[in-house]
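Chemist: I have a structure here, written as structure tokens, and I will follow up with some questions on it.
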Amino acid sequence: MPPCSIKAKWNHAVKAIALMRSGLAASASTGVPGPHFMAWATILVEILGGLAVILGAFVTLASLPMAAVLLVAIFTVHLPYGFSSIKLQTVTAAGAQFGPPGYEVDLLYLACLAALVLGGPGPLAIGGLIRKWRKVRSSQHRPRSTTATTRIISPQ
């Protein structure tokens with residue numbers, strides 16, 4: 001997986017933790033039921049799912065809740081701001097001032113998750129190593145088949 005994707009996912013998780021520390025104002029304002037619980041669940045999904053993707057372990061299983069979080073973010077937060085992720089509002093002496101992001105990056109993350117699920121684990125991913133280990137283990141413990149027929153020699 002490209003390192004930029006790992007960095008972007010990590011930055012997203014760090015921002016989610018910062019949201020928790022700011023008093024959950026954004027979660028409460030979007031009308032999410034149980035904003036405190038949902039915020040913690042989102043953070044856990046992003047951190048544990050991100051680790052699973054980085055390690056290449058249980059990617060298919062981790063992708064489902066991660067995709068759900070992204071879809072909720074698209075429809076509850078980013079959709080009103082349009083597609084583009086960069087909204088330059090003004091340039092001041094302090095630097096550029098950007099507006100709220102659209103849903104472009106969320107769609108990119110969804111496409112990346114779909115590619116990882118469809119592509120399966122790579123040779124260095126933990127999922128690929130577990131699959132190889134199970135294959136070797138099952139071939140070692142498999143009883144040998146007795147398909148060869150034995151000839152009975154009768155004395156004549």
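Only the coordinates and a few stated rules stand behind these numbers; no lab work does. Just so it is clear, the model here is predicted, and its values are computed rather than measured. Heads up, the Cβs are rebuilt from the backbone with ideal geometry, glycines too, and the neighbour counts pull from every protein chain shown.
Chemist: Distance in nm between label sites at A68 and L124, each 7 Å beyond Cα in the beta-carbon direction?
Modeler: Each label point is offset 7 Å from its Cα along the Cβ direction, giving 3.2 nm.
Chemist: While we're here: Need the full-extension length gain, T76 to A111, defined as separation in residues times 0.36 nm minus the C-alpha distance. One decimal, nm.
Modeler: Once the chain is fully extended between T76 and A111, it gains 10.7 nm.
Chemist: Between the alpha-carbon centers of segment 51-68 and segment 69-136, tell me the distance in whole angstrom.
Modeler: 13
Chemist: Oh, and also: Separation between the H141 and N11 pseudo-spin-labels, each 7 Å from Cα along Cα→Cβ, expressed in nm?
Modeler: For H141 paired with N11, the spin-label model returns 4.6 nm.
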